[in-house]
1. From the list Val184, Val211, exactly one residue is of a type in the set (A, V, I, L, M) and at pLDDT below 90. Which is it?
2. Looking only at the stretch 174-188, which residues are in a helix (DSSP H, G or I) and over 16 Å from Ser124 (Cα atoms)?
3. Residue by residue through the stretch 152-165, note down the ones that are crowded, with 17+ Cβ neighbours inside 10 Å and in a helix (DSSP H, G or I).
4. Does the stretch 105-134 hold any residues that are surrounded by 14 or more Cβ atoms within 10 Å (Cβ to Cβ) and either modelled with pLDDT of 90 or more or more than 29 Å from Gly174 (Cα to Cα) (or both), and which are they?
5. Sort through Asp130, Asp159 and tell me the only one that's free of Cβ contacts under 8 Å to residues at least 24 places away in the same chain and over 30 Å from Leu68 (Cα atoms).
6. Has the stretch 93-104 got any residue that is in contact (Cβ under 8 Å) with a residue 12 or more places away in the chain, among the small types (Gly, Ala, Ser), in a loop (DSSP other than H, G, I, E, B) and surrounded by 11 or more Cβ atoms within 10 Å (Cβ to Cβ)?
Amino acid sequence: MSWNDQGNNNGSRDPWGRNNNPPPDIDKLIKKFRSQINSIFGGGSGDGDGGGGIKKILPSVLIAIVLLYSAFGIYTVDAQEEAVILRFGKYSITKGPGIHWNPPFVDNRFIVNTEKLFTHTTNSSMLTKDENIVNVEVAVQYKRSNPVFFLLEASAPEDSLAQASEAELRHVVGSTTMDSTLTVGREQIAMDVKSRLQTRLNTYKTGIEVVAVSIRESRPPEAVKEAFDDVVKAREDEVRLRNEAETYANEVVPIARGEAKRAVEDAEGYKQKVISEAEGEASRFNQLLVEYSKSPEVTRQRLYLDAVQSVMNNSTKVMIDVKEGNNILYLPLDQIAAASLDPNRRSRDEAPSSTIPTTLGSDIQEITDRVIEELRRRQERR
């Protein structure tokens, strides 16, 4: 037995004890792998090249890939949204509502709702102009009006909004007194904060539009809240009393003005009356002066008789001196007038019938006329 036949199991080992099996056939391995590929893609088995199955299925595969690629690029933008398109990371275009298509893996789209309102709330303690501390809570309503600025220009636009709103609120409250901040000045503070905040956000290019700013609450610190409530109550009482006074004034003033106007009109009427009477007396005196200059004696007698007539008309008792005698005739004109009104009535203090002529009757005017006539005759005898 040769050296390589000793215990090597039909030559399967070499002199050094290693296996002496031949290497695998490469061609057979390739054919076997090709047969498995053909069986997967539907090709025939055997020793052929197996390319017929691949050529048949490749167009379908390519069409499916194209359709799938196209489907991934279709998207819809709602009526309240806008789509910002980035091509290879660079801004390309902004698209409005509708159905759009962009090549996937080439364009990136970011859809932003430009009409939806968002609310940011800030609550903190602040120092007023008169060096008092107040707690103010403000709500800022905003929308993303410029999606390009909102996505590309500012790294954190809503954080910028939060910081800017607090900064502007502190600035405005710091320029306002405590009373105004807590009471009537809240609306003006909200307007000033909105204006300043929008200006700052435009400077930062955040793409945010401030829609409204409202002061939800402004209150003093808890340590002085009771004292401030008393001040507010006193101010409300002042306003109430002022309103009541204005209401009373509105009721009284028109009445007083009417009375004043009536008094002025009465005074004006009295003025015109006095002036007219004075002018009439002056005119009468001038006319009388002309007549007196013509006949002084007659005018003097006439004036005397007019004066006596005026006195007698206003007298209730008359004493008459009887001619050539010592008796005095007493005429109770008031009682005679009363008797003329009621003939059946007799006064208890009526004078005796012998002293009162029955021919005088009950008419006081007749008596007066007779007295005047008697006085005229006596004056003529003299």
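1. Exactly one residue qualifies, and that residue is Val184.
2. Asp179, Ser180, Glu187, Gln188
3. Pro157, Ser160, Leu161, Ala164, Ser165
4. Hits for the stretch 105-134 are Asp107, Asn108, Arg109, Phe110, Ile111, Val112, Asn113, Thr114, Phe118, His120.
5. None of the other options fit; the residue is Asp159.
6. Yes.
The values are calculated or read from the model by the stated rules, or taken from the named source; none is laboratory data. The structure displayed is predicted, hence computed values, not measured ones. When we count neighbours, we look across all protein chains shown, and the Cβ atoms used for this are built from the backbone with ideal geometry, even at glycine.
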